[in-house]
Structures are given as C-alpha cells and as structure tokens.
Amino acid sequence: MNAVPQQNPACLLLRFEGTAGEVCVPNEPALLQGLTQLVPSWKYTCTPTHGKACDMPHNCITRINNSQNTPYTFDIESVYLDEPLLGLPAASALCALLADVLETHIEESPNPIALHAGAFAIGGRLIAVTGPRRAGKSTLIARLCAEPDLQIFCDDVLPISPQGEGVALGVAPRLRLPLPAKASMHFKQFARQHMGPHDSRYGYLCASNVALHDVRLPLGAIVVLDRQTDTPACLHTVNEDDALFYTLEQNMGQFNSPGEALATTQALLGKITCVRLVYSNLEEAVQLLRKAFDGKEAINPDLQVKPAQGWVPPTPETHTLADTGRVFKRAPTAALRRIGQSAFLWQAGEHTLWRLNTEGQAVWALLEMPGNARELAEALAEVFVEVPQKQLEHDVLKMLGKMWAEGFLIEQ
C-alpha cells in the first residue's frame, strides 16, 4: 500500500522506490487519487513538507503547484525542462510527473537497456512492441488490455535486466484520445469502462491485467510495427543488422561505450525473435499476435512469416501549411530542453523528441506571445536578413502547420 499522510499539509514530498529524487506535489485529491489509480503497485513514501520549500534540483526533480491563473489546473517545474509547464489539467500533470519519475528511474537503474516500447506477456513470455512515431504502439497496447488472459507490462518504457528479463514498472497504460474512428465496439466499450484520469488528449486505462511493479519475465520477441493503409496483417522477419540498428535506436538506457552497447544489444537479440508486423486493422493485428506467440515455439510454426524486405521506418508525414491569419500560442503541454547548441521539443509525458533548427528555435522563442505567420516572419526578417520575406513567411507557415498538427501549438 502507498503511504497516506495523517495530516492535511499544503505540500507533500513523494519518493518512488528505486529513485533518489523526490517529487513535490500539492495536497490535492485530484492528483493523489489519480496517482493511486495509475501506479497502484509502485510503492512510494509520502512526507509532509511542513512549510519547508523543496530544494530543486538537488533532491527534488519535479515540483507541481496549483495554477494561479487557471482554476483546477497545475503548473510544473522540472529538472528536465528549460521552462515550466503552465495550466495543465490533472491528467496531463500526472503524465508529466510520471514521465520525470521514469526518466530518473532509467538514469539510476543498473539495467543498461530501456526500450522505448510497449510490452505484453502471453504464454509465460514477454513480447515487446515498438515502432516509428505514430505507428500505433500505444493504441495497440491499449487494445491488448482488453484481452483478459494477457498481462500488460508497459506502453512506453521497458527496462531490460542484464539477464534479458523485461521489468514491469506497474504504470497504467496511456491511450491517445480520441479513439480511432474504426475502433471496434468491444474496444470502445472496454475503454469507457476502464478509463481513469483523462483529458482531451490522453486517458489512462486502469485495467486489472496490468503487471505489478518489478514483475519480471524473459523477453521472447520484439515486434516492430509498420502501420499501412488497406493491408492485411502479416509478419516479416527482420535482418540481423536491421534488428540491431533499430533496437539501439529505441534504447533509452545508459551504456559506458558504443562497444558495450553493440555487444550487449547483439547478445540480447541472439536469444529472441524479431519480426515486423505490417497491419492496417487493429483487430487483425491483435489476432495475429495471439496466434504467433500463443505457444511454446519462438513463433507459431503454422503461421506464414514472410522474408525480410528492405524497409526503412517512415519519416514523419508532411503537414499542410498553417493559415496566414491564424494566431497561435504555445500549448501548455509542450516542453523544451536545450542541450548544447540544440533545442528539443516534445509533449509532456512523451519520449519522442523534435529537434528544432535555428529558425525553429527563433519561432518558438517568439511564440512566448501569441502571433500569426505574417507577424512572426516580419520579426524574423530582422534577424535572417539574407532570406526573402516571402520565403520566410512560407517557412513559418510550414513550421506552424507541423507544430499545430503535433499538438505543440494551440489557437489563440
């Protein structure tokens, strides 16, 4: 059971088992009850601050405060962010909090591999599901939650022990909302019945088949998702070199050297199956995964697995230009972090980064105040004097379109 304070202090310090840093949160039922729903088995201590300010960044990695500007929302400071996140609803605040806890857990973990992947257990083996951005990983894991005989290990981060075991962290899987238009009635009904904290973008599924914190199973396979249009679900083998490159690319853990990374990852892949799942229909994908791995064999021998093909994960889709007159501002869930001369943008609680070029960094800086493409281009023209005004405006429209489509901006 998670600790519950006996007093009613204004703020609480939470320390999750396996992490050194603390999280400072207000004593708000919406946050504390939501946290109990999302991490029912990950133990943490809960200590009242008694008016003492938490010490960032030394012992405190994240600090959440009640927003002074928008009722029933929260502001977040974090050692992983350059700027605070402001005005987040409770579900988004919990999402950002858990992302920071996972980040520090990975940094301090003895496990050198932490895959950016979902995972489920079937027949005593663990199957990791990964793929390029927007391949449907989170939606597929959420749909697998509706299979009561499966055990869900994670939807985003899978630590792997030196013995090749996947380690469950006991965090409820998160579902991107709204559900796909073609989602089955069974999936829609399950999501409604098990929906925990949620907002307009994400909802957590609080299902009974989520593995408890620190449950371990040998990793049996890695499935790389390749979502296409109007394509029957099928499996392809993956070449050894492609599997090695892709697994290294998806690793969020820490290695001492590139040589160690190659050797450790290659040893892991030598013990497991690696396949590519091509699909367009979610229900077909679920049934194919069940058939492929519901047995003692590495993969069901009765199942046709097509040979490997030359395949490169697709780059993010091209977005349409933003309208010239539309006024945008930064979304409260957008987070920025600078590393060296680069700036990286991502959504709170996600691990996919967007790297901003010089022009993108300038646009983001200007959007501290709401503006439209014409206003932004005029401001940029004073800095990028060698670029024609029309070209600047076109580039800004393109950039705003991408940022809008990815949820980094909202309309004023």
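Tabulated data
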quantity: Qualifying position, being outside any helix (DSSP H, G or I), of a type in the set (A, V, I, L, M, F, W, C) and out of contact with any strand residue (DSSP E or B) (no Cβ under 8 Å at 6 or more places or on another chain), among Val387, Val396; calculated: Val387
quantity: Residue that is surrounded by 15 or more Cβ atoms within 10 Å (Cβ to Cβ), of a type in the set (A, V, I, L, M, F, W, C), modelled with pLDDT of 80 or more and more than 27 Å from the chain's Cα centre (by Cα), where the choices are Ala362, Ala377, Ala331; calculated: Ala377
quantity: Residue ID - modelled with the highest pLDDT, chosen from residues in the stretch 298-326 that are farther than 19 Å from Val224 by Cα and surrounded by 13 or more Cβ atoms within 10 Å (Cβ to Cβ); calculated: Arg326
quantity: Count of the stretch 366-384 residues which are in contact (Cβ under 8 Å) with a residue 40 or more places away in the chain and outside any loop (DSSP other than H, G, I, E, B); calculated: 3
quantity: Restricting the stretch 334-359 to residues that are open to solvent by 50 Å² or more (accessible area, probe 1.4 Å) and in a loop (DSSP other than H, G, I, E, B), the residue that is modelled with the highest pLDDT; calculated: Asn357
quantity: Criterion: open to solvent by less than 70 Å² (accessible area, probe 1.4 Å), among the acidic types (Asp, Glu) and outside any helix (DSSP H, G or I) - qualifying residue of Asp75, Asp100, Asp82; calculated: Asp75
quantity: All positions within the stretch 215-240 that are at pLDDT 95 or above and among the charged types (D, E, K, R); calculated: Arg216
quantity: Checklist (1) surrounded by 17 or more Cβ atoms within 10 Å (Cβ to Cβ); (2) out of contact with any Gly (no Cβ under 8 Å at 6 or more places or on another chain); (3) closer than 27 Å to Ala181 by Cα applied to Gln287, failing item; calculated: (1)
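The values are calculated or read from the model by the stated rules, or taken from the named source; none is laboratory data. Quick caveat: nothing in here was measured; it's all calculated off a predicted structure. Heads up, the Cβs are rebuilt from the backbone with ideal geometry, glycines too, and the neighbour counts pull from every protein chain shown. Accessible surface areas use protein heavy atoms only, side chains included; no ligands, DNA or RNA. Shrake-Rupley method; radii C 1.70, N 1.55, O 1.52, S 1.80 Å.
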